[in-house]
Each structure stands twice: as C-alpha cells, then as structure tokens.
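Okay, structure first, notes after.
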Amino acid sequence: MITIGDMHLHLINDGTTYVDAGGVFGLVPRVLWRRVMPPDDENRVPMELHCLVIRTGGRTIVVDTGLGDKLTAKARAIWNLDRPDGGLPGGLSRLGIAPDAVDLVINTHLHGDHCGGNTRLDAAGAVVPAFPGAVYAAHRREYEDAAHPNERTRATYLGDNFEPLARTGQLRLLDGEEEELAPGVFAVRTPGHAPGHISVRLESGGEHALFVGDMASYAVHFARLGWMTAYDVEPLVTLETKRRWQRWALATNALLIFPHDGQVPAGRLRLAEDGNPQVVPVPLARC
C-alpha cells in the first residue's frame, strides 16, 4: 500500500501475459528496446495486468479490471496468461473487499485487457456485472468506438465487457477533458492510444499521482516521447499527450503508476544528468 494524502492505494495484478515485443515497442528498433526488456526465444515480453484500488472518503474505487474470467481456453492460450494468485478477485479478497463493496469502477479504455473483469459469468453462464453496486465510468468517445468496432479493433472491443452495464444502467459515460468522479479523483482525457482514452489523476493533501493507463504502457514509454506501442491508434497524438503530462509530472513530483510494467510498476519522473527524462522506481507492493 502507498498513501497519497488521505488516499490509500493498492496495486493488484490480474495476471501476467506474454506478448510479441513488436506490439509493445512498435517502430522502436530492436537493438534499443532489448536493452530495456530482453525478449524470450519467441520474441515475447511480459505484460502485467495492473488494476488500482483507491480507498478514500469511505469509498472503494477500482481502476481497470484486467482480462477477467470469461476467457475461452483458446483466448487464454493466445494471451499466454499466467494468473497464480487469483487475479483481481483474489487481490480484492486479500484486501477484505467484497465485490458488492466496490462503489466505482473507472475504465481507462475498453480494450479487453483493461475491462474484461467488468463482468463475470454467473452459475447459469450468463454475463453479469462483477461489481453489482458499482457505477462504471468510461469516456463517451471510447464507448462509441467500442460499440462500433472495425476490422482492427473488433478483437479487443468485446461487447460482453461493457454492454451488460449499459443494460443495467450502471455505465456512466464521461464527456470533456476532465471530470472529478470522487473528491480528488479525476478522469482526464489522454488521447493517442485511443481517441477516448483516459488516465486517472489523484490529488490529496498536496500530493499527486497518475494511473497512466496506456498513454504509456511501460515506464520507458513515458520517459521517451518517441517510444510507443504498435497498438496506438494515433501515435503522434500519443507523443504530444505524453509531452504535456511529462511537464505535469515534473512540476508536481507525481507518483506515476503504469498498467503493464512488471519492472517499474510505479515511479517518479526525474531529469537525468544529461537532461533526459527518466522514471525512478518507487516501491509499490502488488496484492
């Protein structure tokens, strides 16, 4: 656990997947990225599925929900998923948080590895909300893109992860560039990876944090403006979004939390002796 003012933060890993490094590093030359993250014999690198739990003002908030438990055997094999500790449900249980005690779920975006745990299969095999008493928040532009996928996005925008929430009235669609969802908890639009992508900015007691989401999947993506994944829909928009938030991170000394980085799940941005930004790791235990 780590505190930001009066907020208590817990990082839960929904599992580890092993994905092709070409997706993670895009156009970055292999000779450069392999120094940061050496691949295995099949050119795969690990990708964690981090979810953030925020406890503040008597409320329990979950940011992103991982892949969830609805995967078919084929999908699980494609993801190369390793989940020894029960994923998000197991982590919540270890924190003493029952599913019906979650008040708010924030989805940075609606790709399957960030919102698959929004819903679950009940005993009859029906898809139902995983957190029955929660409001689920996502940006309206992201929902519109997810509800009308194209040939590139239809493999990751899966209706079972969000359509049941619209039917139950639990889905709250956000508009604009920033919205306060709870005291000190702000959804901020950070486009590039997807036009409707959001990050979650936290502010309490003069301290700051940012759940970065896939604006920068790994810490090195945040430090190096020109490094981004092949999954980004608008890579040049990603670059300018990161430039803006680099300035903010340096000005506020913010804690940065990354969704997929197992080596540096959290850190603070600093300028190295050569003037280049770097993320200095901050210890943050994962449940």
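Every number here is computed from the coordinates shown, using simple stated rules; none is lab data. Treat the numbers as computed from the prediction; the structure is a model and nothing was measured. FYI the Cβ positions are ideal-geometry reconstructions off the backbone, even for glycines, and counts take in every protein chain you see.
Largest GNM mean-square fluctuation among Asp14, Asp64, Asp160, using the chain with Cα springs under 10 Å: Asp160.
With helices as the sole contributors, the chain gives -6000 deg cm²/dmol at 222 nm; each DSSP H run of n ≥ 4 counts as -39500 (n - 2.57), and the sum is divided by every residue. Fewest-first ordering of Ile106, Ile2 by other beta carbons within 10 Å of each residue's beta carbon gives Ile2, Ile106. Among Tyr218, Tyr18, the ranking by other beta carbons within 10 Å of each residue's beta carbon, starting with the fewest, stands as Tyr18, Tyr218.
Ordered by the number of other Cβ atoms lying within 10 Å of each residue's own Cβ, fewest first, Asp274, Asp261, Asp100 fall into the sequence Asp274, Asp100, Asp261. Of the beta bridges in the chain, as assigned by DSSP with both residues counted there, near 75 percent are antiparallel. When Kirkwood radius over Cα pairs in Å is calculated for this entry, the matching label among [x] 20.0; [y] 21.9; [z] 18.9 is [z].
Sorting the segments 162-170, 193-201, 205-213 by their mean number of nearby beta carbons within 10 angstrom, highest to lowest, gives 193-201, 205-213, 162-170.
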